[in-house]
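In what follows, a structure is listed as C-alpha cells, so that the remarks can point back to it.
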Amino acid sequence: MIAKIGVLNISDRASAGIYSDEPGQACVALLRAWLSTPFELDYKIIPDERPVIEAELRRLADEAGCALVVTTGGTGPAPRDVTPEATVAVCEKLLPGFGELMRATSLRYVPTAILSRQTAGIRGRTLIVNLPGRPKAIRENLEAVFPAIPYCLDLIGAARLETHEAAMKIFRPKP
Amino acid sequence: MIAKIGVLNISDRASAGIYSDEPGQACVALLRAWLSTPFELDYKIIPDERPVIEAELRRLADEAGCALVVTTGGTGPAPRDVTPEATVAVCEKLLPGFGELMRATSLRYVPTAILSRQTAGIRGRTLIVNLPGRPKAIRENLEAVFPAIPYCLDLIGAARLETHEAAMKIFRPKP
Amino acid sequence: MIAKIGVLNISDRASAGIYSDEPGQACVALLRAWLSTPFELDYKIIPDERPVIEAELRRLADEAGCALVVTTGGTGPAPRDVTPEATVAVCEKLLPGFGELMRATSLRYVPTAILSRQTAGIRGRTLIVNLPGRPKAIRENLEAVFPAIPYCLDLIGAARLETHEAAMKIFRPKP
C-alpha cells in the first residue's frame with residue numbers, strides 16, 4: 001500500500017483565497033525533494049477554526065490513514081492561533097521533543113522563536129507535526145525533526161519511509 | 001493610553017515582611033532600565049497561596065488591563081511552590097518556549113536550573129511570565145526572553161513597547 | 001532512617017522473563033557508583049501496563065517512602081509506551097526541565113532523541129524520574145540530571161543524599 005501524507009495549510013487568509021498557500025506548497029516541495037518512497041498527498045487549506053482543524057486531523061488519521069500529517073500556521077500567541085490546541089485535543093500521545101527542538105533551531109535565527117507553540121503527537125498510526133507558517137521557518141524546522149520521523153512511523157506501525165540520503169539523512173537505531 | 005505592567009512578588013516571607021521584596025524590585029529596576037516607552041506599574045507582594053495568586057493574575061489582566069505581568073518566585077519543587085500551577089490555571093494559551101529558554105539559560109550557571117518549573121502564557125490581552133526568585137537569576141532569565149516580548153504584545157493586541165536599544169535590543173520580524 | 005530508592009524496570013519482555021532486566025541493573029550500578037550515602041533499594045520489574053505502573057509508583061512513594069524513584073523504559077511513541085502518562089497521573093507537580101535536558105543530551109548522540117517523552121515529577125516527598133530503556137542512554141540521561149537531584153530532595157523534605165565527588169559531582173546552591 002502506498003504511503004499517505006497529509007499537508008494541512010491552516011490560515012484564515014489562505015483559505016479565503018486572499019493569500020497564496022505558500023506554506024503548504026513549501027512542505028510539499030520538501031517532501032518531494034527528500035522522500036524516495038512514493039507517497040500520495042492529501043492536501044487541504046482550512047481556516048484557523050479549532051473544530052475544523054480537529055475534524056480535519058481526525059479525518060486524515062482515521063479515514064485517510066495518513067502515516068504523517070504536517071500542519072502549517074496557527075502556532076503563535078495571537079487569538080486566532082489555535083493549531084497546537086487542536087493537535088493536543090486529537091492526539092493520544094504528545095511528543096514534546098519536537099516542539100523543543102524546533103524552537104531551539106529557530107532561536108538560532110530569531111529571538112521570537114519562543115513565541116511558537118508548535119507540538120507533535122500520535123493519533124493511532126499517524127504522526128502529526130505542527131510547523132510554523134513562513135516557508136523559510138518551515139524548512140528550518142522540518143529539516144531539524146525529519147531525521148527522526150521515519151523511525152517514529154516504524155514504531156507506531158505506519159508506512160516505512162526512505163529518503164534520498166544526499167538530500168535528507170534519516171536515522172534508525174540498530175535493533 | 002499608557003502601558004501598564006504588573007509585577008507580582010510571590011513569597012510567603014516577603015508578604016509577611018520577614019524578607020525584603022528584592023525580587024520584585026529587581027524586576028522593576030530592569031524594566032526601568034530597558035523600556036523607553038512610559039509605563040505604569042501595578043506592584044504587589046503576595047503569599048504562595050494558589051487562590052491568591054490566581055485572583056491577583058486575573059485582576060492584573062482583566063481589571064488593571066496590564067499588557068505584561070511578571071511574577072517572581074514560587075517556581076521550584078517545594079510544597080509551597082505553586083506559581084506555575086496558578087499561571088496555567090488562568091491562561092488561555094501557554095507559551096512553552098519561555099520556560100525552555102529560561103531553563104536552558106540558567107543551566108549555563110547552575111545544574112539545578114532543571115528544578116525550575118516556570119512557564120508563560122496569554123490571558124486575553126495580557127502576557128504572563130514567571131521568573132525565578134533570586135535577583136541574579138531574574139536578570140539572566142528576563143534578559144533571555146525579553147527580546148521577544150514586545151512582538152508578542154503586538155500579536156495579542158496589547159500596548160506597544162519600545163526599548164533603549166543599547167540596554168535591551170528587541171526584535172520584531174518584518175511584516 | 002536510611003534513604004530508600006525505587007528502581008522500576010518497565011518492560012513487557014523483561015517482566016515476562018524474555019529479556020534480562022539490564023536497564024534496571026544499569027540504574028542500580030550507577031547509583032552504587034555515585035552515592036556515598038547508604039541506601040536501600042526497592043527494585044521491581046513490571047509490564048507496560050498503565051494501571052500497574054501507576055499502582056507501583058504510588059506504592060513506592062506512599063508506602064515504601066522512597067526519596068527517589070527512577071523508571072526505565074516505556075517512554076517512546078509506540079502503543080505500549082505509557083510510562084510518561086502513568087507518571088503524570090500520579091504526580092502533583094511536574095518538572096519539565098528534566099525531560100528537556102535529557103532529550104537535549106541524547107540529541108548529541110542520536111536524532112531520534114526527540115521521540116523520547118520522558119518526564120519527572122513530585123509525589124509527596126518522592127521525586128520520580130523517567131529514564132529511557134537502553135543502558136547507554138540511561139547513563140547519559142541520569143548523568144545529566146543527577147547533579148540537581150539531591151537538592152531537589154532537600155526541597156521536598158526527602159532524605160539527604162551525598163555522592164563520591166570524583167564519580168558524580170552534585171550541586172546545592174548556598175542558602
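I need the full set of residues from the stretch A:147-159 which are surrounded by fewer than 24 Cβ atoms within 10 Å (Cβ to Cβ), touching a helix residue (DSSP H, G or I) at 6+ places or on another chain (Cβ under 8 Å) and facing chain C (nearest Cβ under 9 Å), in order please.
Passing the criteria: A:PRO147, A:TYR151, A:LEU155.
Which residue is nearest to the other protein chains (Cβ to nearest Cβ), if the candidates are limited to the stretch A:59-101 and must be charged (D, E, K, R) and out of contact with any strand residue (DSSP E or B) (no Cβ under 8 Å at 6 or more places or on another chain)?
Only one residue fits best here, namely A:GLU100.
Name the single residue, out of those in the stretch A:104-116 being of a type outside the set (A, V, I, L, M) and buried (at least 22 other Cβ atoms within 10 Å of the Cβ), that is farthest from C:GLY99 (Cα to Cα).
Checking each candidate, the answer is A:THR112.
Please verify whether B:ARG139 is within 14 Å of chain A (Cβ to nearest Cβ), in a helix (DSSP H, G or I) and charged (D, E, K, R), treating the condition exactly as stated. Walk me through it before giving the result.
Values: within 14 Å of chain A (Cβ to nearest Cβ): no; in a helix (DSSP H, G or I): yes; charged (D, E, K, R): yes.
Spelling it out, it is not the case that B:ARG139 is within 14 Å of chain A (Cβ to nearest Cβ), in a helix (DSSP H, G or I) and charged (D, E, K, R).
Among the numbered conditions (1) within 8 Å of another protein chain (Cβ to nearest Cβ); (2) part of a loop (DSSP other than H, G, I, E, B), tell me where A:ALA113 comes up short.
A:ALA113 satisfies all of (1) within 8 Å of another protein chain (Cβ to nearest Cβ); (2) part of a loop (DSSP other than H, G, I, E, B) except (2).
Only one residue in B:VAL88, B:VAL7 is within 19 Å of B:CYS152 (Cα to Cα), touching a residue at least 60 places away in the same chain (Cβ under 8 Å) and β-branched (Val, Ile, Thr). Which one? Don't jump to the end; show me each part of the working.
On the way: B:VAL88 fails: touching a residue at least 60 places away in the same chain (Cβ under 8 Å).
Exactly one residue qualifies, and that residue is B:VAL7.
Could you check, for the stretch C:151-173, whether at least one of its residues is among the β-branched types (Val, Ile, Thr), over 26 Å from A:ALA144 (Cβ atoms) and in contact with a Phe, Trp or Tyr (Cβ under 6 Å, 6 or more places away or on another chain)?
yes
Quickly run through the stretch C:29-44 and pick out the residues that are surrounded by 16 or more Cβ atoms within 10 Å (Cβ to Cβ), within 15 Å of C:ILE138 (Cβ to Cβ) and without any contact (Cβ under 8 Å) to a residue 60 or more places away in the chain.
Correct list: C:LEU31 only.
Go through A:THR75, A:THR87 for me and flag whichever is part of a helix (DSSP H, G or I), touching a helix residue (DSSP H, G or I) at 6+ places or on another chain (Cβ under 9 Å), of a type in the set (Val, Ile, Thr) and crowded, with 16+ Cβ neighbours inside 10 Å.
Unique residue meeting the criteria: A:THR87.
With the structure loaded, tell me whether A:ARG123 is surrounded by fewer than 17 Cβ atoms within 10 Å (Cβ to Cβ) and basic (Lys, Arg) or whether it fails that test.
no
For the stretch B:119-131, does any single residue satisfy the condition of being closer than 21 Å to B:LEU30 by Cα, touching a residue at least 40 places away in the same chain (Cβ under 8 Å) and either more than 14 Å from chain A (Cβ to nearest Cβ) or part of a loop (DSSP other than H, G, I, E, B) (or both)?
Yes: one or more hits.
Pick from A:ALA16, A:ALA104: which is out of contact with any Lys or Arg (no Cβ under 9 Å at 6 or more places or on another chain) and within 14 Å of chain B (Cβ to nearest Cβ)?
Values: A:ALA16 fails: within 14 Å of chain B (Cβ to nearest Cβ).
Residue meeting the stated conditions: A:ALA104.
Which of the following residues is surrounded by 17 or more Cβ atoms within 10 Å (Cβ to Cβ), of a type outside the set (D, E, K, R), part of a helix (DSSP H, G or I) and in contact with a Pro (Cβ under 6 Å, 6 or more places away or on another chain): B:ALA26, B:ALA14?
Among B:ALA26, B:ALA14, only B:ALA26 is surrounded by 17 or more Cβ atoms within 10 Å (Cβ to Cβ), of a type outside the set (D, E, K, R), part of a helix (DSSP H, G or I) and in contact with a Pro (Cβ under 6 Å, 6 or more places away or on another chain).
Output the residues belonging to the stretch A:160-175 that are aliphatic (A, V, I, L, M) and either in contact with a His (Cβ under 9 Å, 6 or more places away or on another chain) or surrounded by 10 or more Cβ atoms within 10 Å (Cβ to Cβ) (or both). Before the answer, list the steps.
The initial filter retains those residues of the stretch A:160-175 that are aliphatic (A, V, I, L, M), namely A:161, A:166-168, A:170.
Scanning the stretch A:160-175 gives A:LEU161, A:ALA167, A:MET168, A:ILE170.
For B:GLU165, all conditions in the list (1) away from chain A (no Cβ under 11 Å); (2) in a helix (DSSP H, G or I); (3) of a type in the set (Asp, Glu) hold save one; what is the number of the exception?
With (1) away from chain A (no Cβ under 11 Å); (2) in a helix (DSSP H, G or I); (3) of a type in the set (Asp, Glu) applied to B:GLU165, the lone miss is (2).
Could you list all residues from the stretch C:29-41 that are within 25 Å of C:GLU63 (Cα to Cα), of a type outside the set (Gly, Ala, Ser) and part of a helix (DSSP H, G or I)? Even if it seems obvious, please write down each step before you answer.
Keep residues of the stretch C:29-41 that are within 25 Å of C:GLU63 (Cα to Cα), which gives C:29-32, C:35-41.
Narrowing further to those that are of a type outside the set (Gly, Ala, Ser): C:30-32, C:35, C:37-41.
Residues satisfying the conditions are C:LEU30, C:LEU31, C:ARG32.
Where a number appears in this text, it was derived from the coordinates with a stated rule and is not lab data. Since this is a predicted model, take the numbers as computed values, not measurements. Cβ coordinates were reconstructed from backbone atoms using ideal geometry, including for glycine residues, and neighbour counts include every protein chain displayed.
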